[in-house]
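The values are calculated or read from the model by the stated rules, or taken from the named source; none is laboratory data. Quantities reported herein were computed from a predicted structural model and do not represent experimental measurements. Cβ sites come from the backbone with ideal geometry, for glycine too, and all protein chains shown count toward neighbours. When the accessible area is computed, the model is the full protein with side chains, heavy atoms only, and any ligands, DNA or RNA have been set aside. Shrake-Rupley method; radii C 1.70, N 1.55, O 1.52, S 1.80 Å.
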Amino acid sequence: MLEATSFAFAKRALNSYLQGMPIARKPLEIPPEVARKFAATMQLFHAETSPLKRDAIAADK
(Lines give C-alpha, C1' and ligand atoms only; values in the text may rest on other atoms or scores of the structure.)
Protein backbone atom coordinates (compact mmCIF):
# COMPACT_ATOMS: atom_id res chain seq x y z
CA MET A 1 0.00 0.00 0.00
CA LEU A 2 1.34 3.45 -0.93
CA GLU A 3 1.75 6.07 1.72
CA ALA A 4 0.74 9.70 1.18
CA THR A 5 4.37 10.80 1.50
CA SER A 6 5.40 8.80 -1.57
CA PHE A 7 4.02 11.55 -3.81
CA ALA A 8 6.01 14.39 -2.26
CA PHE A 9 8.27 14.53 -5.35
CA ALA A 10 5.31 15.74 -7.44
CA LYS A 11 4.96 19.03 -5.55
CA ARG A 12 6.05 22.14 -7.41
CA ALA A 13 9.18 23.88 -6.18
CA LEU A 14 8.58 27.36 -4.79
CA ASN A 15 11.68 28.84 -6.38
CA SER A 16 11.48 27.21 -9.80
CA TYR A 17 13.84 28.61 -12.41
CA LEU A 18 11.27 29.58 -15.06
CA GLN A 19 8.64 30.98 -12.72
CA GLY A 20 9.91 34.57 -12.80
CA MET A 21 11.39 34.63 -16.31
CA PRO A 22 9.36 36.76 -18.70
CA ILE A 23 9.13 35.37 -22.21
CA ALA A 24 9.28 38.18 -24.76
CA ARG A 25 8.21 37.29 -28.29
CA LYS A 26 7.82 39.44 -31.35
CA PRO A 27 4.45 39.29 -33.07
CA LEU A 28 4.40 36.97 -36.05
CA GLU A 29 4.58 38.95 -39.27
CA ILE A 30 3.41 37.08 -42.37
CA PRO A 31 3.64 38.87 -45.71
CA PRO A 32 0.16 39.40 -47.25
CA GLU A 33 0.96 37.41 -50.42
CA VAL A 34 2.06 34.41 -48.33
CA ALA A 35 -1.10 34.60 -46.22
CA ARG A 36 -3.29 34.81 -49.33
CA LYS A 37 -1.58 31.80 -50.93
CA PHE A 38 -1.97 29.82 -47.70
CA ALA A 39 -5.69 30.68 -47.46
CA ALA A 40 -6.27 29.70 -51.09
CA THR A 41 -4.43 26.41 -50.58
CA MET A 42 -6.46 25.67 -47.45
CA GLN A 43 -9.70 26.28 -49.37
CA LEU A 44 -8.57 23.83 -52.06
CA PHE A 45 -7.54 21.31 -49.43
CA HIS A 46 -10.86 21.40 -47.59
CA ALA A 47 -12.91 21.35 -50.82
CA GLU A 48 -11.15 18.19 -52.07
CA THR A 49 -12.78 14.85 -51.27
CA SER A 50 -10.02 12.53 -52.49
CA PRO A 51 -7.47 11.72 -49.76
CA LEU A 52 -4.69 11.34 -52.36
CA LYS A 53 -5.37 14.75 -53.86
CA ARG A 54 -5.56 16.28 -50.36
CA ASP A 55 -2.14 14.81 -49.61
CA ALA A 56 -0.79 16.27 -52.85
CA ILE A 57 -2.18 19.70 -51.96
CA ALA A 58 -0.77 19.50 -48.43
CA ALA A 59 2.66 18.40 -49.68
CA ASP A 60 2.92 21.18 -52.25
CA LYS A 61 5.67 23.59 -51.27
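A few notes on this one:
- Descending by average beta-carbon neighbour count within 10 Å, the peptides 49-60, 23-34 line up as 49-60, 23-34, the highest first.
- Solvent-accessible area per residue in the stretch 20-60 equals 97 Å², computed with a 1.4 angstrom probe and all protein chains kept.
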